[in-house]
Amino acid sequence: MTTVRAAPTYRSGTQSVEANVPEASPEERGAALAFLQQLATEVSEGTVDLPCFPNVVLRISAALANPNTTSEHVVTIVGTEPRLAARLLQTANSAAFNPSGKPLTELRSAVTRIGQHMVQSIAMSYAVHQMQHEASLVSIARPLAKLRDKSIAVGSISQLVAERTKVHTDMAFLTGLLHGIGSLYIMARAAGRSGDLKNQQSWLDILEGWQAPIGRAVLESWGFAEQMCEAVGDQRDYERKWKHDASITDVLIVSLVLAETLKNPEPRTVAMQGINAFASIGLNATDCEATMVRAERRIALVHDALK
């Protein structure tokens, strides 16, 4: 289990660099840091309390963390939530995940077709969608929607980038989709104690600086694969040293940069300098532009499939 440090830092080579914390009043800073200390202690001890998060999604994650879990068991769990089952079947038949166009009508066949990582991806997307419509979380409905859109973009790009590596593309998609789970956790917990957050953006921004280490701890608590947890925790470690094979962390770092670049008008310039993951994967500026062109279409398809 990861210990979340009292002050958020991101590794930069062998040095520790303080997280970028924007300007805020002393009261805001004090309240935010005290709250984060509380969350850090909880998740470090393995206590994860995510308000309004559908229990069925956690049951799916727990089941898939067990290597002995069968597809039949997964189908049984998904079947306990008809709306999730319908979403999974619909997604499995979408253009994004069914290039053959052969329709499926049984949940069992859908689970078999898309695989465990995609089942988890669809379940997590479903969970965030459900949270957006919870009355107790209305104050963060807009940030949640923005996070979901960004997560779909990063997941889609991660899948494309992973094609250039030995990383499993479906695992890359799921990791990209979950890159902001720390933000989700912090926002959901903050909504229950701070009232209307819509006019407290600076306070939310302070919390954002902690999302990567807290996100890693949350995923570890849920039993996700260690390499996925590490990728989420190290998503801003731009000076990671090159290794013989690019890892899922490299894929996520690159995908986050490309997702941000994709928001800019053309001609787009990817800020690759100082980010070793690009060299680890073997991406140059031309490769990045080609990936972003493909990503625009892919993001639209995935967004339609998961909406």
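Between residue 59 and residue 227, the C-beta separation translates, for a Förster distance of 22 Å, into a calculated FRET efficiency of about 0.45. The charge dipole of the range 53-133, taken about its Cα centre with unit charges on the Cβ atoms of Lys, Arg (+1), Asp and Glu (-1) only, comes to about 100 debye. Number of Lys-Lys pairs in the chain with C-alpha atoms under 21 Å apart and a separation of 8 or more places or on different chains: 10. This ranking places 240, 164, 142 by how few other beta-carbon atoms lie within 10 Å of each, fewest first, which gives 142, 164, 240. Centre-to-centre separation between the Cα atoms of the range 217-257 and those of the range 87-166: 20 Å.
Here the spin labels are modelled as points 7 Å beyond Cα on the Cα-Cβ line, and at residue 164 and residue 94 they lie 2.5 nm apart. Extension gain, residue 108-residue 297: 0.36 nm per intervening residue step, less the Cα-Cα distance, totals 65.2 nm. Between residue 34 and residue 86, the FRET efficiency estimated from the beta carbon spacing at R0 = 51 angstrom works out to 0.75.
When the Cα positions of 69, 54, 96 are compared along the charge dipole of the range 53-133, 96 comes out farthest toward the positive end, with charges on each C-beta of Lys, Arg, Asp and Glu.
Every number here is computed from the coordinates shown, using simple stated rules; none is lab data. This one's a predicted model, so the numbers in the text were calculated from it and none came from an experiment. Because the Cβ atoms are built from the backbone with ideal geometry, glycine has one as well, and the counts that use them run over all protein chains shown.
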